[in-house]
1. Ignoring everything but the protein chains, give the 1.4 Å probe accessible area of TYR197 in square angstrom, nearest 10.
2. Using a 1.4 angstrom probe and counting only protein chains, how large is the accessible area of GLU53 in Å², to 10?
3. Show me, bin by bin at 10 Å from 0, the whole-percent P(r) of region 59-120 based on Cα pairs.
4. Please report the orientation-averaged projected area of region 252-328, defined via the convex hull of its C-alpha atoms, in nm².
5. Between ASP193 and HIS116, what's the calculated FRET efficiency when r is the beta-carbon distance and R0 is 30 Å? Round to 0.05.
6. Quick one: of the DSSP bridges fully inside the chain, what percent are antiparallel, nearest 5?
7. From the C-alpha coordinates alone, can you work out the Kirkwood hydrodynamic radius of region 73-161, in Å?
8. Calculate log10 I(q)/I(0) of region 13-71 for q = 0.13 Å⁻¹, where I(q) comes from the Debye formula with a single equal point scatterer on each Cα and nothing for solvent.
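The values are calculated or read from the model by the stated rules, or taken from the named source; none is laboratory data. Everything numeric in this text was worked out from a predicted model, so none of it was measured. Positions of Cβ are backbone-derived with ideal geometry, glycine not excepted, and every protein chain shown enters the neighbour counts. Quick note on the areas: whole protein, heavy atoms, side chains included, nothing else; ligands and nucleic acids left out. Shrake-Rupley method; radii C 1.70, N 1.55, O 1.52, S 1.80 Å.
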Amino acid sequence: MKSEYTIALVGASGAVGQKVIEGLEAVNFQIKNLRPLASKRSAGKSITFKGQEIVIEELVESSFDNVDIAIFSAGGSVSKKFAPIAARAGAVVIDNTSAFRMDPDVPLVVPEVNEHALKHHNGIIANPNCSTIQMMVALEPIRQAFGLKRIIVSTYQAVSGAGLQAVKELEDQTKAYLNGEDLVANILPSSSDKKHYPIAFNALPQIDLFDQDGYTFEEWKMINESKKILEDPTLSVAATCVRIPVASGHSESVYIELEKAGITVKEIQQVLSNAPGVILQDDPSQQVYPTALTSIGKTETFVGRIRKDLDVETGFHMWIVSDNLLKGAASNSIQIAESLIKLDLVHGAN
């Protein structure tokens, strides 16, 4: 096992990239060099890492020479082009985009759930969708204890999931609304779609483009990624993904059906109270439950409002919240890096 590592960060100037930089300052392994990479437009700017100013380099094919781990957060097209190049250069790639998530040869990993899948990587590891990650962290302990046969999830997703420009647009629209001015929308629900709608004081039942059967790509991600991570293609999963005017922190209303009957709310609470990466906040009598605002800046997944379904014996409802830029992206990537090193799965660079 190496004693120190060189890390490349693709997309260092973006929202997730900035959170990755912050998280790398607290990792439990020694970083010899941090190599921030971005497009030509952002190259030459600086980031601060452990008190030092580091100049962002332009991403080119030779950027991964002598790199041990490369974390990608710059969009699917960039990952598709450069991730294989990085892997061939000897780096282990942790990709935050959807480019490789459903590739059968690429592990899709949430360390609390399926760390073992890392052992089968071929140079590239996919970080799941932000809304999928937090749901998997909460549901896997329940599945292990009681079995799981069905998931129905409705998400309440923060604007930061669409990038820093979307957050700026939310701020501008909020000011305009309060001043009685027209709301200008250029980004949401999807920047590449035909129409755009204001997000301020609104809720948009579309995240990403629409695909087959009336589902959006975001909804298909949650459906297919859940089955892959849990290694259960027979699992029934349905999703409705909604964007709301919250800057950061994704919330989810999740309904599940267990395989075992006779399970109580208290038993589920007990399982979650001991689960890695989960914080149980569930006391309705005292109005204790997770909120998006209180999840910001935290790497855990918060669970509350656990209650039994009134009609289905094995059915339960719950509320799951997490910081989408941290556990939903940056911190999960860093956890993957830590797991790779712990399992001695990083060997490439000299």
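1. Surface accessible to solvent at TYR197 totals approximately 100 Å².
2. Per-residue accessible area (GLU53): approximately 120 Å².
3. 23, 53, 23, 1
4. The number I arrive at for region 252-328 is 5.4 nm².
5. Values: r = 38 Å, r/R0 = 1.28.
Efficiency computed from Cβ-Cβ geometry: 0.20.
6. The answer is about 45 percent antiparallel.
7. Working: mean 1/r = 0.0693 Å⁻¹.
Kirkwood hydrodynamic radius for region 73-161: 14.4 Å.
8. Each listed q corresponds, in turn, to -0.32.
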